[in-house]
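Asker: Mind looking over this structure? Questions follow.
The values are calculated or read from the model by the stated rules, or taken from the named source; none is laboratory data. What you see is a predicted model; the values in this text were computed from it and never measured. Glycine gets a Cβ as well: all are built from the backbone with ideal geometry, and neighbour counts include every protein chain shown.
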Amino acid sequence: MHDVRELLDLGPEAVRRLARRRHTLDLAVLEAAHRRRTEAAQTVSRLRAELKSAARGGGRPSPTAREAARQLRERVQHAEAAAQRAEAELGELLLALPNLPLDEVPEGHSDQDAVEIRRGGPPPAPADRARHHAEIGEALGILDPARAARLSGARFTVTRGPGARLERALADFFLDLHTGEHGYTEHGVPYLVNRATMTATGQLPKFADDLFATGIGERELFLVPTAEVPLTNLAAGELLAAASLPLALTARTPCFRAEAGSYGRDTRGILRLHQFEKVELVRICAAEDAPKQLQVMLGHAEECLRRLQLSYRVVLLAAGDLGFSARMTYDIEVWLPGSGAFREISSVSDCGTFQARRAGIRVRTPAGAKEPAATLNGSALPLGRTLAALLEQGLRPDGSVHLPPALHPYTGFSRILPDGTTD
């Protein structure tokens, strides 16, 4: 969420920056809502002061004085209700505004406008005669979309035998790397969260159609679309000491996404499912430290791919392609020869103070001031998309799939043979 005073102070500059995201900011509407809230709050304060002053009068009040006090209390109640409405109106406007993109973010509105920063890993394997991971997985007997469809319908999968073992190995490998070498603290977090938690990180109200909602009795709960949601909110409402920063948090969770608006895309394979697992990274720091922490987190995500010996590239997303809460995002795209394309496997985002303002996460500076923190998040990495890349890049002419040495201690095997066995 934005500070309304900062937006109004920026004025046309805020309009310009949001226009880069194809979002129109009406400053007149925002200013009027801010003025109504301010005036309503001032009215409440004035009437409360009058009521307090009247209550201090000595002696037994006359009937006239009692009636005047009663009327004043009613005016206070009406003023408080009006102030709540004004606060809600302004809050609704602010909750609908995405983050302001940084000026170094390139222009554009689609993934075609992203700017390639660098490439890593071995050179991309030729796409000619390459096979799609769905075909490879089904031939090996480790992916079973047909049975998944009987269980749950489209956009689900079942992994089996070495496939399930490989997913578990990937999760353990990522978590060991991030906790053992990158300094993250692992967490086990709830997979069901409330509306306030979803709102704090920007999933609500913007992406309500992409969430799976449920409930227990009268309680409204949502299945997490990413561990970013509970991990970031672990610090919600807290005042953090500057000396304790940055916080580095990680968790492996399932992720549940309705994928609203994506029907017809990536219907084959495991790239776009309603349920998948992912290891997520979150960093919370002082606002001025966010650019540095973004580069640190990007390096941690890249290291996963380097150790897995996978071909990838890093791109800087265009302003119009940023996520709602992000002000700058690097996508890491892994090479999928079966599709003949680089496809996103991780997004690493700097959200500035946007999420922290919504969640009430503040930092006490060495000088004693209280300021909004900055939050950053990134995938490192999703299990399904990594599995797909390993199958396509690790395929050999005899139909076997060779795994990188970094995974051998976790899987207990170095390759999956054409008959689905391992050695």
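Asker: Ala130 passes all but one of (1) aliphatic (A, V, I, L, M); (2) part of a helix (DSSP H, G or I); (3) in contact with an Asp or Glu (Cβ under 7 Å, 6 or more places away or on another chain); which number fails?
Answerer: (2)
Asker: Just give me the residues in segment 165-186 being among the acidic types (Asp, Glu) and more than 23 Å from the chain's Cα centre (by Cα), in sequence order.
Answerer: Listed by number, the list holds a single entry, Glu181.
Asker: Would you mind telling me which numbered condition in (1) of a type in the set (A, V, I, L, M, F, W, C); (2) crowded, with 24+ Cβ neighbours inside 10 Å; (3) part of a loop (DSSP other than H, G, I, E, B) Ala356 fails?
Answerer: (3)
Asker: Still on this model: So which of Ala258, Ala243, Ala227 ends up being at pLDDT 95 or above and at negative phi?
Answerer: Answer to the selection: Ala227.
Asker: Quick one: in segment 148-195, which of the residues that are of a type in the set (Asp, Glu) and part of a helix (DSSP H, G or I) is surrounded by the most Cβ atoms within 10 Å (Cβ to Cβ)?
Answerer: Only one residue fits best here, namely Glu167.
Asker: Tell me which of these Arg265 doesn't satisfy, since it passes every other one: (1) over 25 Å from His109 (Cβ atoms); (2) out of contact with any Leu (no Cβ under 6 Å at 6 or more places or on another chain); (3) surrounded by fewer than 20 Cβ atoms within 10 Å (Cβ to Cβ); (4) not hydrophobic (A, V, I, L, M, F, W, C).
Answerer: With (1) over 25 Å from His109 (Cβ atoms); (2) out of contact with any Leu (no Cβ under 6 Å at 6 or more places or on another chain); (3) surrounded by fewer than 20 Cβ atoms within 10 Å (Cβ to Cβ); (4) not hydrophobic (A, V, I, L, M, F, W, C) applied to Arg265, the lone miss is (1).
Asker: Collect the residues in segment 22-66 that are without any contact (Cβ under 8 Å) to a residue 24 or more places away in the chain and assigned to a loop (DSSP other than H, G, I, E, B), keeping them in residue-number order.
Answerer: Listed by number, the residues that qualify are Thr24, Asp26, Arg56, Gly57, Gly58, Gly59, Arg60, Pro61, Ser62.
Asker: Sort out which residues of segment 10-54 are under 28 Å from the mean Cα position of the chain (by Cα) and either in the same structural domain as Phe324 (by TED's automatic domain parsing) or of a type in the set (A, V, I, L, M, F, W, C) (or both), and write them in order of number.
Answerer: Leu10, Ala14, Val15, Leu18, Ala19, Leu25, Leu27, Leu30
Asker: Only one of Glu107, Glu50, Glu87, Glu74 is touching a Leu at 6+ places or on another chain (Cβ under 9 Å), over 30 Å from Gly161 (Cβ atoms) and not aromatic (Phe, Trp, Tyr); which?
Answerer: Glu50
Asker: Moving to a separate point now. Return yes or no: is Gly399 on the phi > 0 side of the Ramachandran plot and buried (at least 23 other Cβ atoms within 10 Å of the Cβ)?
Answerer: Spelling it out, it is not the case that Gly399 is on the phi > 0 side of the Ramachandran plot and buried (at least 23 other Cβ atoms within 10 Å of the Cβ).
Asker: Out of all the residues in segment 404-423, which are buried (at least 19 other Cβ atoms within 10 Å of the Cβ) and in contact with a Ser or Thr (Cβ under 6 Å, 6 or more places away or on another chain)?
Answerer: If the condition is that a residue be buried (at least 19 other Cβ atoms within 10 Å of the Cβ) and in contact with a Ser or Thr (Cβ under 6 Å, 6 or more places away or on another chain), then Ile416 is the only one that fits.
Asker: Which of the residues that make up segment 244-260 are in contact (Cβ under 8 Å) with a residue 24 or more places away in the chain and not in a strand (DSSP E or B)?
Answerer: Result: Leu245, Pro246, Arg257, Ala258, Glu259, Ala260.
Asker: Kindly indicate the residue of segment 111-124 that is surrounded by fewer than 16 Cβ atoms within 10 Å (Cβ to Cβ) and hydrophobic (A, V, I, L, M, F, W, C) and also farthest from Leu310 (Cα to Cα) among those meeting that condition.
Answerer: Val115
Asker: Ok, one more. Say whether the condition of being more than 23 Å from Leu93 (Cβ to Cβ), touching a strand residue (DSSP E or B) at 6+ places or on another chain (Cβ under 7 Å) and either part of a loop (DSSP other than H, G, I, E, B) or not assigned by TED's automatic domain parsing to the domain that holds His23 (or both) is met by at least one residue in segment 196-211.
Answerer: For segment 196-211, residues more than 23 Å from Leu93 (Cβ to Cβ), touching a strand residue (DSSP E or B) at 6+ places or on another chain (Cβ under 7 Å) and either part of a loop (DSSP other than H, G, I, E, B) or not assigned by TED's automatic domain parsing to the domain that holds His23 (or both): absent.
Asker: Can you spot a residue in segment 264-280 that is part of a helix (DSSP H, G or I) and on the phi < 0 side of the Ramachandran plot?
Answerer: No, because not a single residue in segment 264-280 is part of a helix (DSSP H, G or I) and on the phi < 0 side of the Ramachandran plot.
Asker: Report the residue count in segment 86-110 for those that are assigned to a loop (DSSP other than H, G, I, E, B) and loosely packed, with under 15 Cβ neighbours inside 10 Å.
Answerer: Residues that pass the stated criteria total 6.
To keep it simple, each residue is scored yes or no on (1) under 22 Å from Asp266 (Cβ atoms); (2) within 26 Å of the chain's Cα centre (by Cα); (3) not β-branched (Val, Ile, Thr).
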{"position": "Arg118", "(1), (2), (3)": "no, yes, yes"}
{"position": "Arg131", "(1), (2), (3)": "yes, no, yes"}
{"position": "Ile136", "(1), (2), (3)": "yes, no, no"}
{"position": "Arg150", "(1), (2), (3)": "yes, no, yes"}
{"position": "Gly163", "(1), (2), (3)": "yes, no, yes"}
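Asker: What pairs come up if the first residue lies in segment 325-353 and is closer than 26 Å to Asp3 by Cβ, the second is among the acidic types (Asp, Glu) and assigned to a loop (DSSP other than H, G, I, E, B), and their beta carbons are under 9 Å apart, counting only those six or more places apart or on different chains?
Answerer: From segment 325-353, the pairs are Met328/Glu104; Thr353/Asp3.
Asker: So, of the residues in segment 228-251 that are buried (at least 16 other Cβ atoms within 10 Å of the Cβ) and more than 22 Å from Leu204 (Cα to Cα), which turns out to be farthest from the chain's Cα centre (by Cα)?
Answerer: Ranking the candidates gives Ala242 first.
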